[in-house]
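Enquirer: Handing you a structure now.
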Amino acid sequence: MRDDDTILIVGTTADYIEWIECRSRTNALFLTAQRERERAVGKFHTPEHEILVDLNRPDLCLQLLQDYLRSAQTDLAGIACFDDESLPLAALLANELALEFPSEDAIRQCLDKHVSKQVWHAHGVPCPNAQSISCHSTERDLETLSFPCVLKPHSGSGSERVFLCHTPEQVHEAMLKITATTKGIGDRVTAVAETFIAGTEFSCDFSITDGNVQILRTARKYLASGAPLGTALAYILPAQLSPRMVDTVLPDILARAADAMGISRAICMVDFIITDDNDVVLLELSPRMGGDCLPHILLEGWGIDTISATVEFARGTPISPWLKESAPTVVGLRVFAPAPGMVAGIDTHTIDSDPRLLSHNLHTCLGRTVVLPPEDYSSWLLGHVIFQPYLAEDLEDQILELRESLCLHLEEVTV
């Protein structure tokens, strides 16, 4: 390692670690959960420079990190993080080590779905109205809600434990499902009720530096029917937004949204809705790049290594937009199990010979036991398919066609 050329990667997964090790030119030091490395045995290589620790013990993380830096006689040039769960730890370490990173207060505001809406409303940033709900809320309290509303936990990514409610009774039922896995203490608020906003859902990554916003990539979400609210069956890149939206409207809103959170320099991911009246309404913002299959889509479809670019950004290297005018349309189809059971087989023969196919990772799910939401939101996502659609054919028809061409064989699991 060179003396001052190392980037600390906080709390990421084994596949991202191997991605960085194989593709990035940057010297990286990984602060990794012990359980993550144990799960990766036999699947991924162990990097040369890694500290294994319980990430729920920040004092121990800091101590081990400082010991390592002294022993290796090296300094850190920056810090990067790729998931919401590790952002608070990354912010704490950055503060202790005098590294540039969003503050702990900024992270806290971003990750709390109620606080973030309060902050945005106070700064005139368009977002849904939000109200705190606890397990002790009375029927009268619930009658003050605007229906329909979206009930969700205070924190968490994706569409986990998110419910569309039309009546106080449905709110009560949803609260029981949320509190079954989200433990409250006394009168502690355990959920947020947001006004339902009709429209088309999008996401984008953007960089912000001293108030200047660059849109890095855009995506339209094709939502899955019959799945938990907000579950994306596919991401369509680019989102085909108007030039005015990409060049003017969206950057202005995102600059105000990030500034309200106290973020001055970061790569951020944001989910938003564009209403039928062409108004932008922000749903969530997190100071990290978009995850899931998005890095794979951008690499396969556009040749953009977003993970390595994020590591370089942590060093202070300027970043260029990933979205180009000439970028082809590319789709990431997420494949979900239709029922519980053990994945005994998956027939990809048809899709393997499809000229639209760029890549897939479907065979890695073989042998997995699937439990459906709301009990489990991770095991039912089996993988993804990345393809470049025919321009002359309906895009949504192609998404469903390719999904239906996959034959899954699930065996019943006996208890």
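The values are calculated or read from the model by the stated rules, or taken from the named source; none is laboratory data. Computed from a predicted structure; not experimentally measured. Virtual Cβ from ideal backbone geometry, glycine too; neighbours counted across all protein chains shown. Remember, those area values only see protein heavy atoms, side chains included, never the ligands or the DNA or RNA. Shrake-Rupley method; radii C 1.70, N 1.55, O 1.52, S 1.80 Å.
Enquirer: Checking T12 against (1) assigned to a helix (DSSP H, G or I); (2) under 21 Å from R288 (Cβ atoms); (3) among the polar types (S, T, N, Q), which single condition isn't satisfied?
Expert: Every listed condition holds for T12 apart from (1).
Enquirer: Still on this structure: Would you check if R265 is at pLDDT 95 or above, over 16 Å from F202 (Cα atoms) and open to solvent by less than 40 Å² (accessible area, probe 1.4 Å)?
Expert: Taking the combined requirement at face value, the residue does not satisfy it.
Enquirer: Something else: Scan the range 233-259 for residues that are in contact with a Phe, Trp or Tyr (Cβ under 7 Å, 6 or more places away or on another chain) and either under 30 Å from P373 (Cα atoms) or open to solvent by 10 Å² or more (accessible area, probe 1.4 Å) (or both) and jot them down.
Expert: The answer is L233, A234, I236, A239.
Enquirer: Residue under question is C110, and the condition is that it be under 20 Å from F272 (Cβ atoms) and of a type in the set (A, V, I, L, M, F, W, C); does it hold?
Expert: Here the answer is yes, as C110 does meet what is asked.
Enquirer: Six or more apart or on different chains, Cβ under 7 Å: which pairs go from a residue in the range 385-396 that's closer than 7 Å to R356 by Cα to one that's exposed (fewer than 13 other Cβ atoms within 10 Å of the Cβ)? Could you list them?
Expert: As it stands, the answer is Q388/P328, since those pairs meet every condition given.
Enquirer: Sticking with this structure for a sec: Would you call G199 at positive phi, at pLDDT 85 or above and not polar (S, T, N, Q)?
Expert: yes
Enquirer: Further question: Give me the residue from the range 276-286 that is open to solvent by less than 10 Å² (accessible area, probe 1.4 Å) and out of contact with any Phe, Trp or Tyr (no Cβ under 8 Å at 6 or more places or on another chain) and, out of that set, farthest from P126 (Cα to Cα).
Expert: Ranking the candidates gives S286 first.
Enquirer: Output the qualifying pairs, or none if there are none: Cβ atoms under 9 angstrom, residues six or more apart or on different chains, first residue in the range 19-43 and assigned to a helix (DSSP H, G or I), second residue aromatic (F, W, Y) and buried (at least 18 other Cβ atoms within 10 Å of the Cβ).
Expert: From the range 19-43, the pairs are I20/F30; E21/F30; R37/F44.
Enquirer: Next question, about the same structure. Scan G316, G332, G226 and give me the residue that is among the small types (G, A, S), at pLDDT 95 or above and either open to solvent by 30 Å² or more (accessible area, probe 1.4 Å) or in contact with a helix residue (DSSP H, G or I) (Cβ under 9 Å, 6 or more places away or on another chain) (or both).
Expert: That would be G332, the only listed residue that is among the small types (G, A, S), at pLDDT 95 or above and either open to solvent by 30 Å² or more (accessible area, probe 1.4 Å) or in contact with a helix residue (DSSP H, G or I) (Cβ under 9 Å, 6 or more places away or on another chain) (or both).
Enquirer: What tally of residues in the range 293-313 results from selecting those that are part of a loop (DSSP other than H, G, I, E, B), out of contact with any helix residue (DSSP H, G or I) (no Cβ under 6 Å at 6 or more places or on another chain) and buried (at least 20 other Cβ atoms within 10 Å of the Cβ)?
Expert: 1
Enquirer: Looking only at the range 27-53, which residues are in contact with an Asp or Glu (Cβ under 7 Å, 6 or more places away or on another chain), more than 14 Å from L69 (Cβ to Cβ) and open to solvent by 20 Å² or more (accessible area, probe 1.4 Å)?
Expert: Hits for the range 27-53 are Q34, F44, H45.
Enquirer: Mind checking which residues of the range 146-181 are of a type in the set (A, V, I, L, M) and at pLDDT 85 or above?
Expert: Result: V150, L151, V162, L164, V171, A174, M175.
Enquirer: Residues that are open to solvent by less than 30 Å² (accessible area, probe 1.4 Å) and within 29 Å of A33 (Cα to Cα): find the helices (runs of 4 or more DSSP H) completely inside the range 55-161 holding 3 or more of those.
Expert: The helices (runs of 4 or more DSSP H) meeting that bar are 58-72, 87-96, 104-111, 113-122.
Enquirer: If you don't mind, another one. Filter the range 44-54 down to residues that are in a loop (DSSP other than H, G, I, E, B), in contact (Cβ under 8 Å) with a residue 24 or more places away in the chain and over 18 Å from G291 (Cβ atoms), then give me how many there are.
Expert: 3
Enquirer: Oh, and also: Just checking, how many residues over the range 188-223 are assigned to a strand (DSSP E or B), of a type in the set (V, I, T), more than 24 Å from P328 (Cα to Cα) and open to solvent by 10 Å² or more (accessible area, probe 1.4 Å)?
Expert: So the count comes out to 2.
Enquirer: I'd like the full set of residues that are of a type in the set (D, E) and under 27 Å from A91 (Cβ atoms), limited to the range 273-313.
Expert: E284, D292, D305, E312
Enquirer: With the condition kept exactly as written, say whether any residue in the range 91-98 is within 21 Å of E284 (Cβ to Cβ) and within 21 Å of the chain's Cα centre (by Cα).
Expert: yes
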